[in-house]
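Student: Quick one: the structure is below, questions incoming.
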Amino acid sequence: MAEAFKDLDPQTMPRSPGITYQQLLDQDSHEVPEVLRLESPKDMGVVEYPVSRYTSKEWHDKEVEHLWKKVWQMACREEQIPLPGDHMRYDIAGMSFIVVRTDAGDIKAYPNACLHRGRMLKEFDGNATELRCPFHGFCWNLDGSLHDIPADWDFPQIDKDNFNLPEIPVATWAGFVFINPDQNCAPFAEHVKDIAPQFERWSLENLYISSHTAKVMPCNWKIAQEAFCEAYHVNGTHPQILRSLGDVNSQIDIWENCARVVTPGVTHSPLLEYEVSNEDMLRAMMDLEHDADTPPIPEGMRPREFMANISRENLRPMAGDRVDLYCDAEILDSIDYTLFPNFHPWGAFNGICYRFRPNGDDHRTAIMECIMLSPFEGERPEPAKVRWLEEDEKWSSALGYLGKVFDQDAFNMPKVQAGLESTYQTGVVLSAYQESKVRWLHHKLSEWVGE
Ligand code: FES
Ligand SMILES: [Fe+2]
């Protein structure tokens, strides 16, 4: 467990020149919540993790057996199945499950398989009063109890009182529904014990899905995921945002079952060898041309406070006056959490969530999703339907500025896969601190899957 790793002392550990994240927080114009003051740097060592984790079918098969069939995983949002009979299909690594809202209002999940000859029960998300198999018509109630067997006289072997759909464990947290394919799994509370208290202030359950974008990516799911687990790649992959991002000043915190990378915005990268003016920082932040006019920053006001004020006013119509309680950091910074193994809700109020999965049973392609959660006033809006991008469609066609950044990340992904298929190295090299969330993910994988 990550606890086995030694705590580093934030005061004395090796780190990038430039302002630390905690020093930036000292300058915040609002009260900074405790959660951002947490620091949990770990000495994760400098071991290499095998290239075969990305390239071998044998490793993938072990992941399916020991990880995907055993671990708690985010299946959908509660808001996607609000009414009795609402159901969603959740597929993982060649397996399929149905998540259903019952008449009693609770949520149950079943393997997506008929107990007669095994046909998938539900291919599509939707609403149904019962779960009837389209093949021969065996039918179950929403709560999994048997409802009907056509010509039941012909099944003398079936005890109708004990022919229920097998339930698998379900839990909810922060508006998300989690399932675990393992009927003997560890309690969900243990799974979220590190992350749940940290998100209390941000109440993701009170947000709604304002957009949901998915795409099949041409790489192993971990290559896609790890592209979003460190800010060290920003100088190579996203040089245009260095003027407004403290990439190598990110703070990385490792707990047992979750980790985070906090990357400050509206501060410039220490890797730039020239002075960045406040105007230039604003242009980078606002995605403006190099010589575009910028709004004037009032005398004596820090650019972070200035930008946070603008964002607060943009948020106010949706979020109300509670925006006055949000500190600058909660508005400006990338607070990228990962809950093992594949779920990435951002902290604070920008509502970004990523999920990465193997694409069916193929270890060389992955499903990447970006769910945007937004605040609302009054009645809860309908959650956005998932938009699947075609192979040649760019993330920017769905997600604007954020999508442009994703497109740069996505450009690397098949090349990383191709490089790892060709390398003579046996392991991937990772930095000690900046890539320590990637180290943590692989360390956890070793625990679950083996070496
Ligand atoms: S396989 Fe489902 S009713 Fe026959
Ligand atoms: Fe990136």
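Student: Starting from the 7 Å offset along Cα-to-Cβ, what nm value, one decimal, do you get for the label separation of Glu299 and Ser422?
Tutor: A separation of 6.0 nm, rounded to one decimal place.
Student: From the backbone phi of segment 323-328, what are the Karplus-calculated ³J(HN,Hα) couplings (6.51 cos²θ - 1.76 cosθ + 1.60, θ = phi - 60°) in whole Hz, Gly and Pro given as x?
Tutor: Coupling constants for segment 323-328: 4, 5, 8, 6, 7, 4 Hz.
Student: Efficiency by 1/(1 + (r/R0)^6): what FRET value for Asn235 and Thr102, r their Cβ-Cβ distance, R0 = 35 Å, to the nearest 0.05?
Tutor: Plugging the Cβ-Cβ distance into 1/(1 + (r/R0)^6) gives 0.10.
Student: Please provide three numbers in whole Å: the alpha-carbon extents of the chain along the principal axes, with the largest listed first.
Tutor: Principal axes ranked by extent give 85, 57, 42 Å for the Cα atoms.
Student: May I ask you to work out the translational diffusion coefficient for segment 1-53 at 37 °C, viscosity 0.692 mPa s, via Stokes-Einstein with Rh from the Kirkwood sum over Cα pairs, reported in whole µm²/s?
Tutor: Details: Rh = 13.9 Å.
The calculation lands on 236 µm²/s.
Student: A follow-up question, please. Using a cut-off of 14 Å between beta-carbons, work out the net charge of the residues near Asp103 (Lys and Arg +1, Asp and Glu -1, Asp103 not included).
Tutor: Details: positive: Arg101, Lys108; negative: Asp86, Asp106, Glu130, Asp143.
Result for the neighbourhood of Asp103: -2.
Student: Write down the Å³ per residue value for the convex hull defined by the alpha carbon atoms of segment 73-184. Walk me through the numbers before you get to the answer.
Tutor: On the way: hull volume 11.9 nm³, N = 112.
In segment 73-184, the Cα convex hull volume per residue is 106 Å³.
Student: Okay, next question. Over all alpha-carbon pairs of segment 234-366, lay out the pair-distance distribution in 5 Å bins, whole %, shortest bin first.
Tutor: Histogramming segment 234-366 at 5 Å steps yields 2, 9, 15, 18, 18, 15, 10, 6, 4, 1, 0, 0 percent.
Student: Ordered by packing density, taken as the mean number of other Cβ atoms within 10 Å over each peptide's residues, highest first, how do 156-167, 87-98, 411-422, 260-271 rank? Before the final figure, lay out each step's value.
Tutor: Details: 156-167: 11.9, 87-98: 19.2, 411-422: 14.8, 260-271: 22.7.
Going by the mean number of other Cβ atoms within 10 Å, highest first, we get 260-271, 87-98, 411-422, 156-167.
Student: What distance in nm separates the simple spin-label points at Asp287 and Asp7, each placed 7 Å from Cα in the Cβ direction?
Tutor: 4.1 nm
Student: For segment 319-377 and segment 43-117, write down the distance between their C-alpha centroids in whole Å.
Tutor: Here the answer is 19 Å between Cα centres.
Student: Please list 351-363, 335-347 highest first by mean number of surrounding beta-carbon atoms within 10 Å per residue.
Tutor: Details: 351-363: 19.8, 335-347: 23.0.
The packing order, highest mean first, is 335-347, 351-363.
Student: Starting from the Cα-Cα distance between Ser396 and Glu200, subtract it from 0.36 nm times their residue separation and give me the gain in nm to one decimal. Each step should come with its number before you reach the end.
Tutor: On the way: separation 196, 0.36 × 196 = 70.56 nm, distance 3.14 nm.
Extra length from Ser396 to Glu200 when fully extended: 67.4 nm.
Every number in this text was worked out from the coordinates using simple rules, so none of it is lab data. The model shown is predicted, which means the values in this text are computed figures rather than measured ones. No Cβ is skipped: glycine too gets one built from the backbone with ideal geometry, and neighbour counts run over all protein chains shown.
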